[in-house]
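Worksheet: the structure to be examined is printed underneath.
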Amino acid sequence: MQNSPVSKLILDGREFLIKRDDLIDPFLAGNKYRKLYTLLQTPKENYDTIISYGGTQSNAMLAIAAMCKQKGWQFFYYTKVLSHTQKSQQEGNYFQALSLGMQHNELEEVHYKDFVAALRLNLDEKSYIIDQGGADTSVRKGMEVLAHEIREANLDIDAVATPSGTGTSALYLALALPEYKVYTAPSVGDSIYLKRQMSALEPLPQNLIILEPKKKYHFAKPYLEFLEIYKRLLNAGIAFDLLYAPLLWQSLLEQTQEKILYVHSGGVSGNASMLRRYEKKALI
Ligand SMILES: *Cc1c(COP(=O)(O)O)cnc(C)c1O
């Protein structure tokens, strides 16, 4: 793999650099590519089956499906029961993942937790489980490769930024880049939740800075201000995802002033279905 390119973006008269991890692959891109790096480097013969679970709009699910297709591994994905509408959609991450060969299994709500907890008990050596969100210490290696690419590019920057769900990506990026401040913002839950998630993996490094949003947002809900920032970024030349990126961009514009390299976390494949929800709410 070549290093992902760096683009310039001007927003509100301010210059940002963007590490274009979104361009790595149509489906296996962004931080999910970095998070799956260790598995991608693993010889095909080591596994025959990957198992994971979670939501059906998940970017991780789509990236794992693309990886398994590349590797010739089976991919079993467990979710709670889906509605008929969700199943019949002809676009979006779920549709794409199925077309890449993902085998989807629905679990009744009452059995879901126990089933997921028991997955590891019946595992043979050719199978590998990826936990929801890919919150795993094996992410370290992929983020070290990213940090190496950033150093190699010799950029004129003061800080780096990338959004957080579980915080796994931002945490390992900060650990791999101690010479820079690494900004992030909690797109899922609040900063207390985010710190707890991160601390479960590693002690929090000094250079990791969690920006505090001015208002409480619920994950994956449509907000007019998120749509507006998405559109401004799009007009400036780059599409970002609608779930994670808007909150970090908002926080960076309001609370920072340095020259920042924003590491694009991918996820634009989910935008079509999210934009439809904005339309339904008559926000577009
Ligand atoms: C998964 C994802 C994130 C969150 O990554 P974490 O490592 O869980 O913090 C951020 N942005 C996009 C586009 C994602 O798909």
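The values are calculated or read from the model by the stated rules, or taken from the named source; none is laboratory data. None of these values were measured; they are calculated from a predicted model. Here the Cβ is made from the backbone with ideal geometry for all residues, glycine too, and neighbour counts use every protein chain on show.
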Of all residues making up segment 176-201, the number that are in a strand (DSSP E or B) and within 15 Å of the ligand (Cβ to nearest atom): 4
From the options Ser273, Ser251, Ser269, residue that is in the same structural domain as Leu171 (by TED's automatic domain parsing), within 13 Å of the ligand (Cβ to nearest atom), assigned to a helix (DSSP H, G or I) and among the small types (Gly, Ala, Ser): Ser269
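Can you go through Leu204, Leu283, Leu234, Leu242 and tell me which one is away from the ligand (no atom under 16 Å from the Cβ) and either assigned to a loop (DSSP other than H, G, I, E, B) or surrounded by fewer than 18 Cβ atoms within 10 Å (Cβ to Cβ) (or both)?
That would be Leu283, the only listed residue that is away from the ligand (no atom under 16 Å from the Cβ) and either assigned to a loop (DSSP other than H, G, I, E, B) or surrounded by fewer than 18 Cβ atoms within 10 Å (Cβ to Cβ) (or both).
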Criterion violated by Gly142 - all others in (1) within 14 Å of the ligand (Cβ to nearest atom); (2) surrounded by fewer than 18 Cβ atoms within 10 Å (Cβ to Cβ); (3) more than 23 Å from Leu9 (Cα to Cα) satisfied: (2)
Selected residue [crowded, with 16+ Cβ neighbours inside 10 Å and over 24 Å from Ser4 (Cβ atoms)] from His111, His104: His104
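Which of the residues belonging to segment 40-68 are closer than 27 Å to His148 by Cβ and away from the ligand (no atom under 15 Å from the Cβ)?
Of the residues in segment 40-68, the ones closer than 27 Å to His148 by Cβ are 40-44, 46-47, 50, 59-60, 62-64, 66-68.
Selection gives Leu40, Gln41, Thr42, Pro43, Lys44, Asn46, Tyr47, Ile50, Cys68.
Specify the residue that is nearest to Arg277 (Cα to Cα); the eligible residues are those in segment 64-96 that are touching a residue at least 60 places away in the same chain (Cβ under 8 Å) and part of a helix (DSSP H, G or I).
Within segment 64-96, the first condition is being touching a residue at least 60 places away in the same chain (Cβ under 8 Å), and the residues that meet it are 64, 89, 91-93, 96.
Restricting the remaining residues to those that are part of a helix (DSSP H, G or I) gives 64, 92-93, 96.
Numbers: Ile64: 25, Gly92: 12, Asn93: 15, Gln96: 19 Å.
That would be Gly92.
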Residue that is nearest to Gly54 (Cα to Cα) [pool: residues in segment 158-170 that are crowded, with 19+ Cβ neighbours inside 10 Å and more than 7 Å from the ligand (Cβ to nearest atom)]: Thr162
